[in-house]
Amino acid sequence: MRPTITEQLDGLRRILAEAVAPEVTAPYPAEILGSVIGALNALQANLHAVPAFLRWDIETTAGVLDAAKPLLGAGLAAEIDAAKVDSEHADLAVLETTQMLMRGLLVAAMPAVLAERGTAYGKMIALFRERTERFPFSMAARPPAKKA
């Protein structure tokens, strides 16, 4: 199908960079526009990595939650069991929804995990560290515009 999502993102970025940016002269709006263009570049370059990242994040978060279940009440443990999906065959919308649900469950489990500081805690810290490394949209902040 043409244009592809990648081509559409490139077209939007080029429109902003070539048609809009030259007309934006105020420093703050120019800085914001530059950040939006950078975000579109990152999205275009890494769009195809998103499903694999989401699958990894869902599965790894589920592993942390499974390790935490003995520390949790029956209600939260049941929510964790009910939240599991076959992420291998899920589409992007299901992956995004499931990831947000799993993150919410991790937040709910966090007080017990922090209090116990055992296996689940170690897995949670490892998840946070690896998530930072794997996140497909790492973008450095742009330096402030130089004042004339």
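The values are calculated or read from the model by the stated rules, or taken from the named source; none is laboratory data. Please read these numbers as outputs of a predicted model, since none were measured by experiment. Ideal geometry is used to build each Cβ from the backbone, glycine not excepted, and the neighbour counts take in all protein chains shown.
Total residues in the stretch 74-123 satisfying the condition of being under 18 Å from Trp56 (Cβ atoms), surrounded by 13 or more Cβ atoms within 10 Å (Cβ to Cβ), more than 16 Å from the chain's Cα centre (by Cα) and charged (D, E, K, R): the figure is 2.
Scan the stretch 50-90 for residues that are assigned to a loop (DSSP other than H, G, I, E, B) and of a type in the set (A, V, I, L, M) and the total you get is 3. Number of residues in the stretch 47-70 that are free of Cβ contacts under 8 Å to residues at least 24 places away in the same chain and either hydrophobic (A, V, I, L, M, F, W, C) or touching a helix residue (DSSP H, G or I) at 6+ places or on another chain (Cβ under 7 Å) (or both): the value is 2.
Selection within the stretch 124-134: residues that are over 14 Å from Ile80 (Cβ atoms) and surrounded by 14 or more Cβ atoms within 10 Å (Cβ to Cβ). The member of this set that is modelled with the highest pLDDT is Leu127.
Of all residues in the stretch 1-46, those that are under 21 Å from the mean Cα position of the chain (by Cα) and in contact (Cβ under 8 Å) with a residue 60 or more places away in the chain total 6. Within the stretch 1-49, the set of residues being β-branched (Val, Ile, Thr) and in a helix (DSSP H, G or I) comprises Ile5, Thr6, Ile15, Val20, Ile32, Val36, Ile37.
Are any residues in the stretch 1-19 surrounded by 15 or more Cβ atoms within 10 Å (Cβ to Cβ) and aliphatic (A, V, I, L, M), and if so, which ones? I'd like the intermediate steps shown before the answer.
The initial filter retains those residues of the stretch 1-19 that are surrounded by 15 or more Cβ atoms within 10 Å (Cβ to Cβ), namely 9-10, 12-13, 16-17.
Across the stretch 1-19, the qualifying residues are Leu9, Leu12, Leu16, Ala17.
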